[in-house]
Every structure is written in structure tokens, then in C-alpha cells.
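Working notes, beginning with the structure itself.
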Amino acid sequence: MVYLTYPNISSKIYMLKIRQENKNDYEEVYNVIKKAFETAEHSDGNEHNLVVSLRNSSSFIPELSLVAIQDKKIVGHILFTKIKIGNNEELALAPIAVLPEYQKQGIGSKLIKEGNNIAKKLGYHYSIVLGSENYYPKFGYIPAIQFGIYAPFDVPSKNFMAIKLNEPDNKINGVVKYAKEFGI
């Protein structure tokens with residue numbers, strides 16, 4: 001569990017708590033994800049249902065399903081799930097969601113950093129993400145192709161990124177195989 005403080009525009013100090021999601025959070029997380037993606041530029045409108053499916057899959061890692069809590073309510077969520085790159089088990093970051101009224105306050109950044117720290121401690125080598133080339137590089141994500149990691153679909157390399165969390169024992173490269181719940 002991580003407690004963070006940050007000032008907002010009105011100069012008040014708020015406590016942000018990041019912790020592992022639990023079953024009592026599921027309904028609230030479902031609504032956070034749904035609201036966060038309602039007006040998203042790149043969304044299929046089904047991210048909230050994807051998370052439900054992923055929780056019930058063999059790709060789910062409970063320690064990497066995190067919530068951000070502020071004002072005694074869940075305001076953000078991040079999920080990392082298992083993927084395959086060749087014969088190696090690694091991670092995909094998807095989705096990350098913050099309630100619209102809490103966006104642009106650093107909550108998503110804190111969720112990503114904490115998730116990557118936990119993933120590193122768990123021994124994963126890479127986390128991949130499909131997303132904005134203007135957002136994810138500030139956390140160390142670079143085009144996955146630079147690691148020899150390729151998307152299983154056609155996408156600009158600047159949007160299919162990876163971060164090295166730990167040095168692998170052997171060279172990891174190949175095409176990513178997502179959990180079947182992603183429908184890819």
C-alpha cells in the first residue's frame with residue numbers, strides 16, 4: 001500500500017492511497033473504468049467488461065490490479081495481465097482509468113509507477129502498452145521494436161511500447177500473444 005500526497009489547483013493537500021484491488025472494489029472499479037472511457041478518443045467502449053473478463057482468466061495477477069483512492073472513493077484503476085513473448089511470460093498494461101474529474105492530477109502517473117515497481121519486484125522483465133507516444137515515454141516506455149518485441153496487429157511502432165523492468169536471463173523477442181480475452 002502506498003500513500004502519496006499532492007497539491008491540487010486549490011492548494012489543498014489530498015492523500016492518495018494506492019493499494020491492491022479486492023473483490024469489494026469490483027463494482028466501483030467497473031464504474032470508474034466505464035466513466036473514464038466514455039469520452040476517450042481511442043476506446044472500443046468495452047474496457048470495463050474487458051477487466052471483468054481478465055479477472056476471471058489465467059492471465060490475471062491480483063497483485064497487479066491496483067486502485068487509487070482519494071476522498072474515500074476509488075478514483076483510478078490500473079491492470080497488468082500476463083502475455084507471452086515467444087516462450088516468456090511478461091506483462092501488458094491495459095487498461096488504466098481515472099475518473100474524468102480527477103484526470104490531469106498525476107493519479108494515472110502514480111498508478112503506472114507503482115504498478116511497474118510491483119511488476120519489477122515480482123520478477124517480470126517487460127511491460128508492454130498500446131497507447132499515446134506523448135504519455136507513456138515519460139515512464140520509460142519506448143517503441144517495443146527496440147527490444148525485438150512486435151505487436152500481433154498493424155500499429156505504428158511509436159504507439160506499441162515496452163519498458164524493461166528487469167534484465168532477462170535470455171534474449172526475449174518475438175510477437176506478443178495477448179490473453180484471449182483481448183480478442184486479438
- The one condition PRO152 fails out of (1) over 19 Å from GLY86 (Cβ atoms); (2) modelled with pLDDT of 95 or more is (1)
- Note on the structure: Matching residues in region 57-85 (surrounded by fewer than 20 Cβ atoms within 10 Å (Cβ to Cβ) and either closer than 19 Å to VAL129 by Cβ or free of Cβ contacts under 8 Å to residues at least 12 places away in the same chain (or both)) number 7
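Tally up the residues in region 60-77 that are more than 13 Å from LYS110 (Cα to Cα) and under 14 Å from the mean Cα position of the chain (by Cα), please. Spell out how you get there, then give the answer.
Of the residues in region 60-77, the ones more than 13 Å from LYS110 (Cα to Cα) are 60-65, 71-74.
Imposing the further condition that a residue be under 14 Å from the mean Cα position of the chain (by Cα) reduces the set to 60-65.
The number of residues fulfilling the criteria is 6.
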- Filtering region 86-113 down to residues that are of a type in the set (D, E, K, R) and in a strand (DSSP E or B), which residue is surrounded by the most Cβ atoms within 10 Å (Cβ to Cβ)? GLU90
- Query: Is it true that some residue in region 62-78 is under 16 Å from GLY183 (Cα atoms) and polar (S, T, N, Q)?
  - Reply: no
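Residues are listed down the side, and each one gets a yes or a no for (1) in a strand (DSSP E or B); (2) of a type outside the set (Lys, Arg); (3) at pLDDT 70 or above:
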site: TYR3; (1), (2), (3): yes, yes, no
site: SER11; (1), (2), (3): no, yes, no
site: ILE18; (1), (2), (3): yes, yes, yes
site: TYR30; (1), (2), (3): no, yes, yes
site: ALA36; (1), (2), (3): no, yes, yes
site: THR39; (1), (2), (3): no, yes, yes
site: HIS42; (1), (2), (3): no, yes, no
site: LEU50; (1), (2), (3): no, yes, yes
- Task: Working only within region 42-55, note down all residues that are over 23 Å from ILE149 (Cβ atoms) and touching a residue at least 60 places away in the same chain (Cβ under 8 Å).
- Result: SER53
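Matching residues to (1) of a type in the set (Lys, Arg); (2) assigned to a helix (DSSP H, G or I); (3) out of contact with any His (no Cβ under 7 Å at 6 or more places or on another chain); (4) free of Cβ contacts under 8 Å to residues at least 24 places away in the same chain:
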residue	(1), (2), (3), (4)
LYS120	yes, yes, yes, no
SER127	no, no, yes, no
PRO137	no, yes, yes, no
ILE145	no, yes, yes, yes
PHE153	no, no, yes, no
GLU167	no, no, yes, no
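The values are calculated or read from the model by the stated rules, or taken from the named source; none is laboratory data. Treat the numbers as computed from the prediction; the structure is a model and nothing was measured. Heads up, the Cβs are rebuilt from the backbone with ideal geometry, glycines too, and the neighbour counts pull from every protein chain shown.
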